[in-house]
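Presented below is the structure to which this report refers.
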Amino acid sequence: MQSTLNVTRPIGQGQFPDADIEIANRLHPDLVRAFNLSRRFADLADFSAGLAETLNRSRHAVFLLDAKGGIRHANAAAEALFGEPDGLCVVGGRLAATSPPAARRLEALIACAACADGSRREAGSMGLKTPSRRLPLSLIVTPLRSDRSLGPRAASVLVCVADLEAQLSLPERQLRDIFGLTPAETRLALALLKGADLREAAQSFGISRDTARNQLTSIFAKTDVNRQTELIQLMMRLLVEQPA
């Protein structure tokens, strides 16, 4: 992209007076900022197009939200959820749930993922029960790096919705091949991804909480993360990148 600005003066009028030159000097920094901003918007457009293509290939419903929960992009699976009478909906352009308690929980997760204080920005998850499903929808809300100078609606939150009854999940073999996890570690990692806490996972697998904690420590070491939220973010990125 190229931008050119020519400021000319008829030859017969001679050189620019000092007052005009002073005006130009004051405007110059603003012109430079405008040019740089236009380049960043162009870069953002290219990035958004690539990201949208990736999200559209996901077999799971994926929403790209701004800091206030406004929907910036929804893939085909996500759009299909809005055709159902319960579960997720759009209120004022924002992603919401039809159940008031679930709507408050989802709003809180989005606010936490989009927190202006980066040190307090965290991923989270929730189950969304619907009358038409035996199992709840699994929602994972994770923060994205965003450039707020591009406006308040810059994408900052990714929401991945998994239909547990559709039996779509992150393949165990993928986790083992990429990170070298043992079968037991893989099983625990997938349980955490689906929203279980460490105690619940230990109970469901018939192991002690100490054993589950040791497995989680090993998972952290192999995946090079330090917290459970970071592990969920990592697995969610793998989940989103699965081809349809």
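The values are calculated or read from the model by the stated rules, or taken from the named source; none is laboratory data. Predicted model only: the values in this text are computed from it and were never measured. With ideal geometry, Cβ positions are generated from the backbone for all residues, glycine too; neighbour counts draw on all protein chains shown.
If you go through the range 99-116 one residue at a time, do you hit one that is surrounded by fewer than 17 Cβ atoms within 10 Å (Cβ to Cβ) and at pLDDT below 90? Checking the range 99-116: at least one residue is surrounded by fewer than 17 Cβ atoms within 10 Å (Cβ to Cβ) and at pLDDT below 90. Criterion applied to Ala45, Ala76 was being more than 12 Å from the chain's Cα centre (by Cα) and either under 19 Å from Met126 (Cα atoms) or modelled with pLDDT under 85 (or both), and the one residue passing it is Ala45.
So, of the residues in the range 108-148 that are charged (D, E, K, R) and more than 21 Å from Arg72 (Cα to Cα), which turns out to be farthest from the chain's Cα centre (by Cα)? Restricting to residues being charged (D, E, K, R) and more than 21 Å from Arg72 (Cα to Cα), the top hit is Arg134. Sub-8 Å Cβ pairs linking a first residue in the range 5-17 that is touching a residue at least 12 places away in the same chain (Cβ under 8 Å) to a second residue that is surrounded by 10 or more Cβ atoms within 10 Å (Cβ to Cβ) and of a type in the set (Phe, Trp, Tyr), at least 6 apart or interchain, number zero. Counting only helices (runs of 4 or more DSSP H) that sit completely within the range 171-227, those holding 1 or more residues that are within 25 Å of Ser58 (Cα to Cα) and either aliphatic (A, V, I, L, M) or outside the structural domain of Leu137 (by TED's automatic domain parsing) (or both) correspond to 172-179, 183-193, 209-223.
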